[in-house]
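Single-structure report; data block below.
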Amino acid sequence: MYLYIVMTSVVWCETLVREVRLNFACNSFNNQAFMAILTILYYPDPRLYQVAQPVAQVNATIRRLVNDMAETMYAAPGIGLAATQVDMHLQVMVIDISEDKNRLQVFINPKIVNSCGSQDYEEGCLSVPGIYENVTRAEKITVEALGADGKPFKLEAEGLLAVCIQHEIDHLKGKVFVEYLSQLKQARIKNKLKKRLRVTM
Ligand code: K1U
Ligand code: ZN
């Protein structure tokens, strides 16, 4: 009888430990403990010209995409990333222009509702590595979007943040910043990147 009680207790304890472990793994998964670095498409990949679709519902799948995109942007490193660049054609973009990389801004279904002035900025792009060119964009913008919590917000931006928001929204529309440059410059950049890609393959 004593042995039976001991054996039953051991089996019960093992089951409990297994359940706790499983729960921990599931919770970690739900809380996005496992994030992924996604592959960034390089210009002139035709998938960069695809137009992103609006997000119907900000659910766990979208929040997972947001977390993976943030991880990818920080690892690159970059100050912004649009879902188009990781071959996900949904209106999702992440930005962090802070020095300490601790101010993530998430924009879902972003829309510029107001803009004024103009500014020149030497832009870079994670999809066009090593190329920096001057682009003229609006100086101040007002953008409306949903956050990662699905709640709508309105933001007024200027300077680098305004540049970055416009650059990322262009990606969602299937536009890469080099398209603001002359045909000659675009051809040179394409050749440069194709050559570089051949060398690394
Ligand atoms: O969308 C992207 O390709 C990201 C891009 C955002 C951007 C930069 C500059 C002007 C407009 C938009 C980049 O992040 S390129 C890399 C970059 O600018 C950077 C990288 C590390 C530290 C600081 C800046
Ligand atoms: Zn870019």
Pairs, first farther than 18 Å from Glu158 by Cβ and not assigned by TED's automatic domain parsing to the domain that holds Leu65 in region 92-103, second part of a strand (DSSP E or B) and not polar (S, T, N, Q), C-beta under 8 Å, six or more apart: none
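Here is a yes/no grid of residues against (1) in contact with a strand residue (DSSP E or B) (Cβ under 7 Å, 6 or more places away or on another chain); (2) away from ligand 2 (no atom under 15 Å from the Cβ); (3) closer than 14 Å to Ile169 by Cβ:
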site	(1), (2), (3)
Pro77	no, no, no
Gly80	yes, no, yes
Thr84	no, no, yes
Ile97	no, no, no
Lys101	no, yes, no
Leu104	yes, yes, no
Asn109	yes, yes, yes
Ile112	yes, yes, yes
Ser115	yes, yes, yes
Test for Met73: is it at pLDDT 50 or above, touching a Gly at 6+ places or on another chain (Cβ under 7 Å) and surrounded by 15 or more Cβ atoms within 10 Å (Cβ to Cβ): yes
All strands (runs of 3 or more DSSP E) inside region 99-199 with 2 or more residues being exposed (fewer than 15 other Cβ atoms within 10 Å of the Cβ): 105-116, 119-123, 133-137, 152-158
Count of region 142-201 residues which are of a type in the set (A, V, I, L, M, F, W, C) and in contact with a Gly (Cβ under 9 Å, 6 or more places away or on another chain): 5
Verdict on Gly159 being farther than 18 Å from Ile95 by Cβ, out of contact with any Cys (no Cβ under 7 Å at 6 or more places or on another chain) and assigned by TED's automatic domain parsing to the domain that holds Thr84: no
Residues satisfying the stated conditions in region 174-201, i.e. within 13 Å of ligand 1 (Cβ to nearest atom) and out of contact with any Phe, Trp or Tyr (no Cβ under 7 Å at 6 or more places or on another chain): Lys175, Phe177, Tyr180
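The values are calculated or read from the model by the stated rules, or taken from the named source; none is laboratory data. Treat the numbers as computed from the prediction; the structure is a model and nothing was measured. Cβ: placed from backbone, ideal geometry, glycine included. Neighbour counts: every protein chain shown.
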